[in-house]
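The values are calculated or read from the model by the stated rules, or taken from the named source; none is laboratory data. The shown structure was predicted, so the numbers you read here are calculated from the model rather than taken from an experiment. Positions of Cβ are backbone-derived with ideal geometry, glycine not excepted, and every protein chain shown enters the neighbour counts.
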Amino acid sequence: MNNRIGLFLFLIFAFACSRKVVVTDPDFVENNKLVFQTPEFEYLNTKTKIQYKDADNNLSTTATIRIKKDSIIWMSISPLLGIEAARAMITQDSMVLMNRLHREYTVYDFKLLSEKFHFDINYQLIQSMILGNMPVEADNDNEIISSKQFYIVKQQNGPYAIDNYFSRELMKLQKVEMMEFPTKNSLTLEYENYKPLAAFSIPFTSFISFNYEQGSELKSTEINIKHGRAELASALRFPFEIPSRYERK
């Protein structure tokens, strides 16, 4: 698994951990204000299948993911026969990918990643996709449009135009469309198969489609993730020690 694929494995969790809009009446408001619900937990553990596709790669892998909310995301990636190929640690200020197959590791800088992919990538962005949250925290100035199938929360955040689609039937965030101007780089998230965890729920199936310009070319990446299991925990371990013989790339 090369470093470029490793970067995108990080990006499967790519959108800000923010308060979720909850539809409580047909007008999508309560006392002229949006209503929010914050998922409350300390530790979360998942078993996840990931399918990744771009112009050069088409691969599947299994990952164990552990989260300490707002603090640590830990991943163990096992593409073959349960043998760990890579391990990742993401914190508020950095991310490290340890490639066990090639005995090397790479430290990633959020600023560099943001410049590379033309999106503001940070810890909160990576944490939130697993929770099915909006990319940018909603506020009472957001425009809300009601259609037959969706409540659409429209946002403008710097160069990004964002449409958040909440299902009228399920009262859950089902799709996010994000467009950057003037580049027209775009990101689409689709959330399905919500299942409850304590007092909140998360999508067990997610799809990400990422389109961006690189030089004169338009690049496209698609990632499907499916959680086979997700559970809350009172405590989790995050083992991550890089052997001295590993080379930094």
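So the values come out like this:
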read-out	value
Sole exception among (1) part of a loop (DSSP other than H, G, I, E, B); (2) in contact with a Gly (Cβ under 8 Å, 6 or more places away or on another chain) for Pro239, by number	(2)
Number of the condition not met by Ser60 [criteria: (1) modelled with pLDDT of 90 or more; (2) closer than 25 Å to Thr221 by Cα]	(1)
Positions within segment 55-74 being among the small types (Gly, Ala, Ser) and surrounded by fewer than 18 Cβ atoms within 10 Å (Cβ to Cβ), in sequence order	Ala55, Ser60, Ser71
So Ile121, is it surrounded by 12 or more Cβ atoms within 10 Å (Cβ to Cβ), at pLDDT 90 or above and not aromatic (Phe, Trp, Tyr)	no
Of residues in segment 224-237 being over 20 Å from Glu40 (Cα atoms) and of a type outside the set (S, T, N, Q), the one surrounded by the fewest Cβ atoms within 10 Å (Cβ to Cβ)	Gly228
Set Ala198, Ala161: member being in contact with a strand residue (DSSP E or B) (Cβ under 7 Å, 6 or more places away or on another chain), among the aliphatic types (A, V, I, L, M) and at positive phi	Ala198
Test: residue in segment 35-54 that is at pLDDT 70 or above and exposed (fewer than 13 other Cβ atoms within 10 Å of the Cβ)	yes
Residues (loosely packed, with under 13 Cβ neighbours inside 10 Å and not in a loop (DSSP other than H, G, I, E, B)) located in segment 129-145	Glu143, Ile145
Selection within segment 145-160 - small (Gly, Ala, Ser) and in contact with a Phe, Trp or Tyr (Cβ under 7 Å, 6 or more places away or on another chain)	Ser146
Some residue of segment 213-228 being closer than 14 Å to Pro135 by Cα, assigned to a strand (DSSP E or B) and of a type in the set (Val, Ile, Thr)	no
Check on Ser216, hydroxyl-bearing (Ser, Thr, Tyr), more than 30 Å from Ile72 (Cβ to Cβ) and out of contact with any strand residue (DSSP E or B) (no Cβ under 8 Å at 6 or more places or on another chain)	yes
Residues located in segment 146-155, provided they are assigned to a loop (DSSP other than H, G, I, E, B) and either in contact with a helix residue (DSSP H, G or I) (Cβ under 6 Å, 6 or more places away or on another chain) or of a type in the set (D, E, K, R) (or both)	Lys148
Failed item, numbered, when Leu218 is tested on (1) among the aliphatic types (A, V, I, L, M); (2) closer than 17 Å to Lys47 by Cβ; (3) without any contact (Cβ under 8 Å) to a residue 40 or more places away in the chain	(2)
Given (1) touching a Phe, Trp or Tyr at 6+ places or on another chain (Cβ under 7 Å); (2) more than 14 Å from His227 (Cα to Cα); (3) in contact (Cβ under 8 Å) with a residue 40 or more places away in the chain, number of the condition Gln174 does not satisfy	(3)
Filtered residue count, segment 157-194, keeping only those that are under 18 Å from Ser114 (Cα atoms) and more than 14 Å from the chain's Cα centre (by Cα)	14
